[in-house]
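> Structure in structure tokens, see below.
The values are calculated or read from the model by the stated rules, or taken from the named source; none is laboratory data. Predicted model only: the values in this text are computed from it and were never measured. Because the Cβ atoms are built from the backbone with ideal geometry, glycine has one as well, and the counts that use them run over all protein chains shown. All accessible areas refer to the heavy atoms of the entire protein, side chains included, with ligands and DNA or RNA removed. Shrake-Rupley method; radii C 1.70, N 1.55, O 1.52, S 1.80 Å.
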Amino acid sequence: MKLSIIFNKILNQNNLINGAIIGSTNLVYSSPTPGGILSLAGNNIYTGSTTVNTGATLALLGSTSISNSSLIIVNGTLDI
């Protein structure tokens, strides 16, 4: 069974995940208001898909990678 992490609520427009995302997790980021940013700063080794929806930005900080992701769909912005 795959776990999906879905972010769609912006508290302060800038959200940070400092820890690693692992397993067969899917990552979906949607911003209800344009300009929302989700930053990843961990050593991510998840193998599920990554989706960045319209109006949202997924930022990879430092040496953070999503290279193990099985599929990357970007309808918003991917900042690497």
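> If I ask for residues that are farther than 13 Å from Gly48 by Cα and either modelled with pLDDT under 85 or exposed (fewer than 13 other Cβ atoms within 10 Å of the Cβ) (or both), which ones from the stretch 17-35 would you list?
Residues satisfying the conditions are Asn18, Gly19, Ser31, Pro32, Thr33, Pro34, Gly35.
> Which members of the stretch 53-80 meet the condition of being in a loop (DSSP other than H, G, I, E, B) and over 13 Å from Ser39 (Cβ atoms)?
Matches in the stretch 53-80: Asn53, Thr54, Gly55, Ser63, Ser65, Ser67, Asn68, Ser69, Ser70, Asn75, Gly76.
> Pull up the stretch 53-76, narrow it to residues that are hydroxyl-bearing (Ser, Thr, Tyr) and crowded, with 16+ Cβ neighbours inside 10 Å, then point me to the one that is farthest from Ile17 (Cα to Cα).
Here the residue is Ser69.
> Turning to a different aspect of this structure: Please tell me if Ser39 is modelled with pLDDT under 95, open to solvent by less than 70 Å² (accessible area, probe 1.4 Å) and under 16 Å from Leu16 (Cβ atoms).
yes
> Something else about it: Find the residue count for the stretch 42-52, including only residues that are open to solvent by less than 20 Å² (accessible area, probe 1.4 Å) and not in a strand (DSSP E or B).
4
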